[in-house]
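Some notes on the structure that comes next.
The values are calculated or read from the model by the stated rules, or taken from the named source; none is laboratory data. It should be emphasised that the depicted structure is a prediction, and the values quoted were computed from it without experimental measurement. Every residue, glycine as well, gets a Cβ built from its backbone with ideal geometry; the counts of neighbours run over all protein chains shown. Keep in mind that these areas ignore ligands, DNA and RNA; they rest on the heavy atoms of the full protein, side chains included. Shrake-Rupley method; radii C 1.70, N 1.55, O 1.52, S 1.80 Å.
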Amino acid sequence: MAEPSTISPAPLLTDELDIVIPTIRNLDFLEMWRPFFQPYHLIIVQDGDPSKTIKVPEGFDYELYNRNDINRILGPKSSCISFKDSACRCFGYMVSKKKYIYTIDDDCFVAKDPSGKDINALEQHIKNLLCPSTPFFFNTLYDPYRAGADFVRGYPFSLREGVPTAVSHGLWLNIPDYDAPTQLVKPLERNTRYVDAIMTIPKGTLFPMCGMNLAFNRELIGPAMYFGLMGDGQPIGRYDDMWAGWCTKVICDHLGLGVKTGLPYIWHSKASNPFVNLKKEYKGIYWQEELIPFFQSVTLPKDCTSVQKCYIEISKQVKAKLGKVDDYFNKLADAMVTWIEAWDELNPSGAKSAELSNGASK
């Protein structure tokens with residue numbers, strides 16, 4: 001008979017969570033994740049040549065969409081989904097019917113904790129999403145809801161219930177998520193530091209959201225998780241998750257939702273080419289010096305009571321204020337509106353409930 005400690009707990013939320021994976025290659029990496037991912041439904045978004053066959057290991061429950069499928073399902077609105085860029089993953093968020101999403105890149109492997117045990121990243125993300133966040137007052141022992149921690153002396157009792165967690169942002173061992181200039185300066189740097197911490201990002205603080213190890217509550221924040229216009233035909237790349245993160249954080253702050261970062265870690269196996277990255281990023285590196293002050297100054301009116309309304313309002317401000325930086329932002333603002341229209345078409349019940357909540361709050 002097995003020792004109690006060796007019995008794995010039943011996987012959480014198997015009927016309520018989709019795993020979204022963007023890819024251009026066979027998904028052999030899933031073999032490593034099989035113990036953790038097999039109970040869940042996968043949504044695979046195939047980028048690049050739609051005639052190429054992507055092989056998925058046997059035993060996984062999945063649906064696969066390529067560019068032809070995206071064009072067929074969205075029609076003219078498919079213009080808002082990036083091509084030849086991992087930003088295409090957000091199509092998977094749109095077609096999912098589940099409450100939660102976990103998204104991971106195909107070069108992310110199972111990491112080990114300091115004791116040598118495999119880390120079930122998905123399980124930790126779910127735990128993060130299922131317990132509250134504390135965005136209004138920082139707890140110096142980090143996440144007060146974890147075993148062995150609590151609210152420290154001086155923490156207001158009126159804030160100890162926390163708020164719902166909308167986003168769980170995980171980290172990476174081995175290859176850090178650096179921009180191209182940092183990659184070029186530190187080509188051999190590897191992240192070996194395992195920090196056993198989870199914290200809520202405070203209200204009013206932006207952060208660089210990486211999409212390769214990320215989970216979120218689709219019902220709470222899904223329509224804000226648009227990864228923008230990147231890749232083929234666009235002047236910028238590698239800012240898809242950043243854009244989504246900035247929009248999402250502003251909306252979470254406005255609606256009183258939480259964003260957590262820290263555990264879980266994955267093992268990021270492969271460094272992308274810094275020269276290719278620099279070509280994709282260089283306009284973003286320049287533009288972000290205007291983008292960050294823009295997002296820091298965005299204010300949303302009180303009648304923006306749904307994610308969709310917040311997002312449309314941000315799109316208007318993008319056009320009004322960032323359109324002067326470059327015409328790309330006018331195109332992006334239009335694509336943001338198209339994204340919301342497409343989201344509501346594919347998720348009519350979500351759009352209806354958003355309208356109901358707006359009506360109830362007036």
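Could you compute Rg(Cα) / (2.2 N^0.38 Å) for region 17-346, with N its residue count?
Taking the Cα Rg and dividing by 2.2 N^0.38 Å, one obtains 0.97.
Please list, in order along region 76-84, the HN-Hα scalar couplings obtained from phi with the Karplus expression 6.51 cos²θ - 1.76 cosθ + 1.60 (θ = phi - 60°), rounded to whole Hz, x for Gly and Pro.
In residue order, the calculated couplings are x, 6, 5, 4, 7, 9, 5, 10, 6 Hz.
What does the C-alpha gyration tensor say about the overall shape of region 159-294? Classify as rounded when a/c is under 1.5, otherwise prolate if a/b is larger than b/c, or oblate.
Because a/c hits 1.5 or more and a/b fails to exceed b/c, region 159-294 counts as oblate.
Which value, in Å² and to the nearest 10, is the accessible area of residue 209 when all protein chains are kept and the probe is 1.4 Å?
0 Å²
With a 1.4 Å probe and every protein chain kept in, tell me what percent of the accessible surface of the chain is carbon plus sulfur.
Reported share for carbon and sulfur atoms: 55 percent.
Compute the Kirkwood hydrodynamic radius of region 66-135, taking the inverse of the mean of 1/r over all pairs of distinct Cα atoms, and give it in Å to one decimal.
Computed over region 66-135, the radius equals 15.1 Å.
With just the Cα atoms defining each centre, how far is region 30-73 from region 181-231? Give it in Å.
23 Å
Loop only per DSSP, at most 10 neighbouring Cβ atoms within 10 Å: give me the GluC sites (Glu not before Pro) in region 1-96, ordered by residue number.
58
How much area per residue is accessible in region 129-248 when the probe is 1.4 Å and only protein heavy atoms are counted (Å²)?
Heavy-atom accessible area per residue stands at 44 Å².
Spelling out what I want: for every residue of region 134-144, take phi, set θ = phi - 60°, compute 6.51 cos²θ - 1.76 cosθ + 1.60 (Karplus), and round to whole Hz; glycine and proline get x.
Rounded to whole hertz, the list is 10, x, 8, 7, 7, 9, 6, 9, 6, 6, x.
With r as the distance between the Cβ atoms of residue 278 and residue 197 and R0 = 45 Å, compute the FRET efficiency 1/(1 + (r/R0)^6) and round to 0.05.
According to the calculation, E is roughly 0.90.
Distance cut-off 26 Å, Cα to Cα: go down the list 77/309; 97/127; 99/127; 55/331; 99/321 and report the pairs above it.
55/331; 99/321
Cross-link candidates for residue 302: which aspartates and glutamates have Cα within less than 18 Å, leaving aside residues fewer than 8 places away along the same chain?
Those aspartates and glutamates meeting the cut-off are 253, 313, 355.
Might you tell me the accessible area per residue for region 15-109, computed with a 1.4 Å probe and given in Å²?
Dividing the accessible area of region 15-109 by its residue count gives 40 Å².
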